[in-house]
1. Somewhere in the range 75-92, is a residue open to solvent by 80 Å² or more (accessible area, probe 1.4 Å) and within 15 Å of the ligand (Cβ to nearest atom)?
2. Which of the residues that make up the range 106-131 are within 16 Å of the ligand (Cβ to nearest atom), in a helix (DSSP H, G or I) and either without any contact (Cβ under 8 Å) to a residue 40 or more places away in the chain or over 25 Å from Gly220 (Cβ atoms) (or both)?
3. Which strands (runs of 3 or more DSSP E) sit wholly inside the range 25-78 and have at least 3 residues that are at pLDDT below 95?
4. Would you say Ala85 is in a loop (DSSP other than H, G, I, E, B), small (Gly, Ala, Ser) and without any contact (Cβ under 8 Å) to a residue 12 or more places away in the chain?
5. Any chance you could count how many residues in the range 109-129 are out of contact with any Lys or Arg (no Cβ under 6 Å at 6 or more places or on another chain) and open to solvent by less than 70 Å² (accessible area, probe 1.4 Å)?
6. Any idea which residue in the range 153-179 is most open to solvent (accessible area, probe 1.4 Å), counting only those that are touching a helix residue (DSSP H, G or I) at 6+ places or on another chain (Cβ under 8 Å) and without any contact (Cβ under 8 Å) to a residue 12 or more places away in the chain?
7. Output the number of the condition that Leu95 fails; it satisfies all remaining conditions of (1) over 14 Å from Met164 (Cα atoms); (2) open to solvent by 30 Å² or more (accessible area, probe 1.4 Å); (3) not in a loop (DSSP other than H, G, I, E, B).
8. Got a sec? Which of Ala185, Ala106 is modelled with pLDDT of 95 or more, closer than 23 Å to Tyr72 by Cβ and either open to solvent by 50 Å² or more (accessible area, probe 1.4 Å) or under 17 Å from the mean Cα position of the chain (by Cα) (or both)?
Amino acid sequence: MTIRLHHVAGSRSFRILWLLEELGLDYQIIPYRLDDGSTRQADFLALSPLGRVPALEVDGLSIFESGAIAQYLLERHPEAGLAPAPGSAARARFLEWLHFAETQGALLEQLNIQHIFLRPVEARSPVLMKLLTRRLAVTLQAMEARLTRQDSLLEGGFSAADIMLGFNIPAVFRFLSASDYPALAAYGAAMASRPAYLRAMERSGPQALYAKDFYEIPHG
Ligand SMILES: N[C@@H](CCC(=O)N[C@@H](CS)C(=O)NCC(=O)O)C(=O)O
């Protein structure tokens, strides 16, 4: 099997890098940056029409959207046991969390835009930042409630849902205090110490997006 992962360090494509490591597959990384126009080149847009990462090529087939890629890889590798069987009750919980990762991811994306990308800085909206942060807090409360009772999102133990959401954890704590979510903070640390996560980090390289550990909402 030939696998090529189109990847930006620190981005959602890390989810797939981590999953590939958990699955023990061989793969090649095609690196991009978000600030040099490389994700707007025609070759890449042919794989990912919005010019976003991740995109994955598997034996000549290409697929984008991290959740879809994860589901596809897990369908090809059921023996890895990283997803409950289709049609099972556990599958319903699994799919909820898998897609929940992008409800939370979209909030993080909007917060990144507000806190980091938007220019001029006067265009930033503290009111919107407060609203987005409150909505992000609700997603953390849902995870905290689950992780107070068990170590993984699913009762059956570690799954690809933990990869989808485990990737988000370092980012959520740039906007909300980890001390308010002790179970989630412990979960994030446990995810980040998995051997496959550490191998993926080694291959990915450091993130370049966040210059600060914590982003306060400015007074508006
Ligand atoms: N829902 C998509 C989101 C992908 C996405 O927005 N990726 C970001 C990096 S985290 C990206 O490529 N952004 C570049 C852009 O918006 O131009 C997924 O989960 O794959």
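1. no
2. Of the range 106-131, the ones within 16 Å of the ligand (Cβ to nearest atom) are 106-119.
From what's left, in a helix (DSSP H, G or I): 106-117.
Correct list: Ala106, Leu107, Glu109, Gln110, Ile113, Gln114, Phe117.
3. No strands (runs of 3 or more DSSP E) qualify here.
4. Considered against the rule, which asks whether it is in a loop (DSSP other than H, G, I, E, B), small (Gly, Ala, Ser) and without any contact (Cβ under 8 Å) to a residue 12 or more places away in the chain, Ala85 comes out as yes.
5. Taking the range 109-129 as the starting set, the residues that turn out to be out of contact with any Lys or Arg (no Cβ under 6 Å at 6 or more places or on another chain) are 109-113, 115-117, 119-129.
From what's left, open to solvent by less than 70 Å² (accessible area, probe 1.4 Å): 109, 111-113, 115-116, 123-126, 128-129.
Final tally of qualifying residues: 12.
6. Ser179
7. That leaves (1) as the condition not met.
8. Details: Ala185 fails: closer than 23 Å to Tyr72 by Cβ.
Step by step, each of Ala185, Ala106 is checked, and only Ala106 is modelled with pLDDT of 95 or more, closer than 23 Å to Tyr72 by Cβ and either open to solvent by 50 Å² or more (accessible area, probe 1.4 Å) or under 17 Å from the mean Cα position of the chain (by Cα) (or both).
The values are calculated or read from the model by the stated rules, or taken from the named source; none is laboratory data. The model shown is predicted, which means the values in this text are computed figures rather than measured ones. With ideal geometry, Cβ positions are generated from the backbone for all residues, glycine too; neighbour counts draw on all protein chains shown. For the accessible areas, the whole protein counts, side chains as well, though only heavy atoms, and no ligand, DNA or RNA atoms are used. Shrake-Rupley method; radii C 1.70, N 1.55, O 1.52, S 1.80 Å.
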